[in-house]
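Asker: The structure under discussion is supplied below as structure tokens; questions concerning it will follow.
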């Protein structure tokens with residue numbers, strides 16, 4: 001029996017018309033599938049309905065993959081592929097497998113010799129880098145910084161040193177309600193001439209992307225409270 005495939009299906013980055021940011025191929029693939037691995041069933045059903053309103057919701061089979069999922073559950077999620085069924089891996093936002101729990105499923109698919117097919121869609125990491133004006137030849141995504149204020153300060157200084165020593169842009173994110181505090185910490189910790197890019201609400205009507213020095217940020221700040229934001233720093 002031929003194995004099914006695993007499609008990596010991108011999502012929007014927020015409340016926007018999916019057809020403004022996703023190619024038509026995404027709809028074609030979603031129309032053809034009835035089994036998905038998702039982070040949240042309710043959000044996934046809403047997204048699938050927005051893409052394919054004619055699709056029967058009761059006919060969908062959804063496996064939830066999130067922080068509550070146990071490692072021993074993963075083989076069951078991928079089992080349909082081994083039985084010849086093609087399925088989709090869907091992120092809550094952006095591209096699955098990148099800063100996303102879907103990476104574990106993709107790894108397992110490769111181990112089982114299941115063909116993995118990524119679809120084109122918005123990635124906040126790449127879009128922010130594109131718009132930052134910083135070094136796109138060498139950059140790193142560091143996820144979340146430590147919450148403890150002393151550990152966070154040390155990590156910010158470490159990333160600044162890495163950026164300077166290797167000419168490498170350093171990006172990271174924060175829980176949206178702590179964005180303003182992170183920008184404040186960056187301004188209080190980094191050198192005054194270090195560049196900070198703030199990329200907020202990417203692809204949304206409220207999109208805000210700005211790169212300037214720490215000194216300039218101290219004079220011209222922005223309210224980032226509860227707005228999805230990616231931060232990038234670069235020290236020349």
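Only the coordinates and a few stated rules stand behind these numbers; no lab work does. Just so it is clear, the model here is predicted, and its values are computed rather than measured. Here Cβ is always computed from backbone atoms with ideal geometry, including for glycine, and neighbour counts include all displayed protein chains.
Asker: Please compute the length gained on full extension between residue 137 and residue 236, using 0.36 nm multiplied by the number of residues separating them and subtracting their Cα-Cα distance.
Answerer: Answer, rounded to one decimal: 34.2 nm.
Asker: Note the angle between two axes, namely the Cα long axis of helix 41-51 and the longest principal axis of the Cα atoms of the chain, as a number of degrees from 0 to 90, rounded to the nearest 10.
Answerer: The angle comes out near 80 degrees.
Asker: How far is helix 149-166 tilted, in degrees, relative to the longest principal axis of the Cα atoms in the chain, given as a value from 0 to 90 rounded to the nearest 10?
Answerer: That helix lies at roughly 90 degrees to the long axis.
Asker: Here's another thing I want to ask about it. Label 7 Å along Cα→Cβ of residue 167; the range 214-236 residues with amide nitrogen under 16 Å?
Answerer: 234-236
Asker: Let me ask something else. Quick check on the chain: of the DSSP beta bridges with both residues there, what percent are antiparallel, nearest 5%? Could you put the intermediate results ahead of the total?
Answerer: On the way: 16 of 34 bridges.
About 45 percent, rounded to the nearest 5.
Asker: Moving on to the next point. How far is the Cα center of the range 28-46 from the Cα center of the range 164-236, in Å?
Answerer: So the two Cα centres are separated by 33 Å.
Asker: What number, rounded to the nearest 500 deg cm²/dmol, is the helix-based mean residue ellipticity at 222 nm of the chain, given -39500 (n - 2.57) per DSSP H run of at least four residues and division by all its residues?
Answerer: Taking each H run of at least 4 residues, the total per residue is -10500 deg cm²/dmol.
Asker: Rounded if a/c is under 1.5, else prolate if a/b beats b/c, else oblate: with a ≥ b ≥ c from the C-alpha gyration tensor eigenvalues square-rooted, which is the range 144-215?
Answerer: Oblate.
Asker: Which order do 69, 175, 229 fall in if you start with the one that has the fewest other Cβ atoms within 10 Å? Show your work: numbers first, answer last.
Answerer: Numbers: 69 17, 175 11, 229 24.
So the ranking, lowest neighbour count to highest, is 175, 69, 229.
Asker: Can I ask one more? I need 129, 134, 1 ordered by Cβ neighbour count within 10 Å, fewest first.
Answerer: 1, 129, 134
Asker: Once each part is reduced to its C-alpha centroid, what is the distance from the range 51-77 to the range 93-121 in angstrom?
Answerer: That distance is 14 Å.
Asker: By count of other Cβ within 10 Å, fewest leading, how are 161, 178, 227 ordered? Walk me through the numbers on the way to the answer.
Answerer: Details: 161 12, 178 16, 227 19.
Lowest to highest Cβ neighbour count: 161, 178, 227.
Asker: Expressed as an acute angle from 0 to 90° and rounded to the nearest 10, what is the orientation of the C-alpha long axis of helix 179-189 relative to the principal long axis of the chain?
Answerer: Taking Cα atoms only, the helix is inclined about 40 degrees.
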